[in-house]
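What follows is a single structure, written as structure tokens, with notes after it.
The values are calculated or read from the model by the stated rules, or taken from the named source; none is laboratory data. For clarity, every value in this text was computed on a predicted model and none was experimentally measured. Cβ placement follows ideal geometry from the backbone for every residue including glycine, while neighbour counts extend to all protein chains displayed.
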Amino acid sequence: MGTSGIEVPTSLVDMGIPHLAVPFQIVNGSVATVDQDSVDEIAQCVQAIVTTPLGSRVEMPAFGVPNPVLTQDGSVPATTMLAAVRRWEPRAAAVITDGVSSIADLIRQISVKVDRVNNVNQ
């Protein structure tokens, strides 16, 4: 039984739920997808966090990071991005080392560790 208290059949847990790949793509006539909880899906979530300006999502204004265009020096501190990743994507283990000066640098340095726990009562 999951944290919501809803019993999920094992077959649904094991099959993975596809999510649209980012950027959106058509490959061989089909929409490209990534599996839920895969490294690719988690990495896409991290990228969404660090590239979304605070306040731009009306339903979740606290999601994202400050808009670098609106900051005094035109950048967002790596520690601010790290805090956002830790808050919004707990599946990603984000580690920052010295020399991170941009979102692209941070994305390259984030390691994604996927811990999949099957909480289904059998």
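Observations on the structure shown:
- Top-ranked residue in segment 50-96 [being within 24 Å of VAL39 (Cβ to Cβ) and among the small types (Gly, Ala, Ser); ranked as farthest from the chain's Cα centre (by Cα)]: ALA78
- Count of segment 69-91 residues which are at pLDDT 80 or above and either buried (at least 19 other Cβ atoms within 10 Å of the Cβ) or closer than 13 Å to ILE49 by Cβ (or both): 13
- The set of residues in segment 16-75 being within 20 Å of ALA92 (Cα to Cα) and among the acidic types (Asp, Glu) consists of ASP35, ASP37, ASP40, GLU41.
- Where a residue in segment 34-50 is part of a loop (DSSP other than H, G, I, E, B) and its partner, wherever it lies, is of a type in the set (A, V, I, L, M) and surrounded by fewer than 18 Cβ atoms within 10 Å (Cβ to Cβ), with Cβ under 9 Å and at least six apart: GLN36/ILE17; ASP37/ILE17; ASP37/VAL114; SER38/VAL114
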